[in-house]
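To keep things clear, I will list the structure first and then write my remarks on it.
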Amino acid sequence: MKYLSAIFALSALLTACGGPSGTADPDACTCAKEIHAQGPTAPVYARCQEKINSDPVFKDDFSKCTAAEIMHRDTAGMRTEPGAISIQSDGAYRLAEGKDSITWIGQKINGKSESGTVRAVSASLEAAGGVVSGGEIVIDMKSIAVSGIEDPAMRDKLTQHLRSDDFFGVEKYPQARFVITSVEKTGNAQLVKGDLTLKGKTHEALGSLSITGSGSSTVIIQGAIQFDRSKFDVRYGSGSFFENLGNDLILDQVQLTYKLTLVK
């Protein structure tokens, strides 16, 4: 699971972490650390929520630091530079039929999480000069389902709720798309940036991509993508839109992990 850990560490690369929790003006990573540990009872909770709601840059940093906290990674001082993902054979690769695995996970502020699956409509990867030059994943949002609940009735109820307008509105917005725009690195780890289109809105999202199987005509790619759902008007249970949610607050950060087999 090294690739999964890497993306959540990398997601906080551009944040400024540190600062004592008792200061009058906590930074984004201090807010993320204390709220992740203590929820709404954290002493900094009210000040953090005020800054999250009033400062878009702070909100972005908080989201990245929260993702890092979920994976228990220390991201202080990390920096990125232009990078490249090597590949054995140049050309255009497309998703092999039935060879997609994508899972999602979301978390409440009290630490409780839900997870499930979603299917890929298509995926592609472009390679030139021995490196990845582009790619995209198109997701079938109508296929989103919950898998982490044992009770069938409750599992189906949450699945239908996720498909409703409270969350992803899949009847109106049946697909999501992630398009790679750049590759960067920190040390030996690769960070993929891309444009994510969801519910008719497009914003930058962070991801990882590694090639674990490679041949002249087949590659296996895997990694993770994370995004801030509030940017895409996914409002239910979000502290970005509603106040006084307490332990019912659902974090804005959503993570997808994927493993796909692509062929020429």
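The values are calculated or read from the model by the stated rules, or taken from the named source; none is laboratory data. Just so we're clear, the structure is a prediction, and the values are computed from it rather than from any experiment. Cβ atoms come from the backbone with ideal geometry, glycine included; neighbour counts cover every protein chain shown.
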Does residue 179 satisfy the criteria of being in the same structural domain as residue 221 (by TED's automatic domain parsing), touching a strand residue (DSSP E or B) at 6+ places or on another chain (Cβ under 6 Å), over 21 Å from residue 203 (Cα atoms) and touching a residue at least 12 places away in the same chain (Cβ under 8 Å)? no
Is it the case that residue 140 is crowded, with 16+ Cβ neighbours inside 10 Å, modelled with pLDDT of 90 or more and acidic (Asp, Glu)? yes
Qualifying residues in region 41-83 (those that are touching an Asp or Glu at 6+ places or on another chain (Cβ under 6 Å) and part of a loop (DSSP other than H, G, I, E, B)) - the one modelled with the highest pLDDT: 44
Across region 149-171, which residue is surrounded by the most Cβ atoms within 10 Å (Cβ to Cβ) among those that are under 24 Å from the mean Cα position of the chain (by Cα) and of a type in the set (A, V, I, L, M)? 162
Kindly establish whether residue 86 is surrounded by 14 or more Cβ atoms within 10 Å (Cβ to Cβ) and at pLDDT 70 or above. no
Note on region 136-189: residues in a strand (DSSP E or B) and among the acidic types (Asp, Glu) are 136, 140, 184
Here the residues within region 93-135 that are under 25 Å from residue 235 (Cβ atoms), assigned to a strand (DSSP E or B) and either among the small types (Gly, Ala, Ser) or free of Cβ contacts under 8 Å to residues at least 24 places away in the same chain (or both) are 106, 113, 115, 116
Residue 157 - would you say it is of a type in the set (Lys, Arg), touching a Pro at 6+ places or on another chain (Cβ under 6 Å) and assigned by TED's automatic domain parsing to the domain that holds residue 211? no
Those residues of region 188-202 that are modelled with pLDDT of 95 or more and hydrophobic (A, V, I, L, M, F, W, C) come to a total of 2
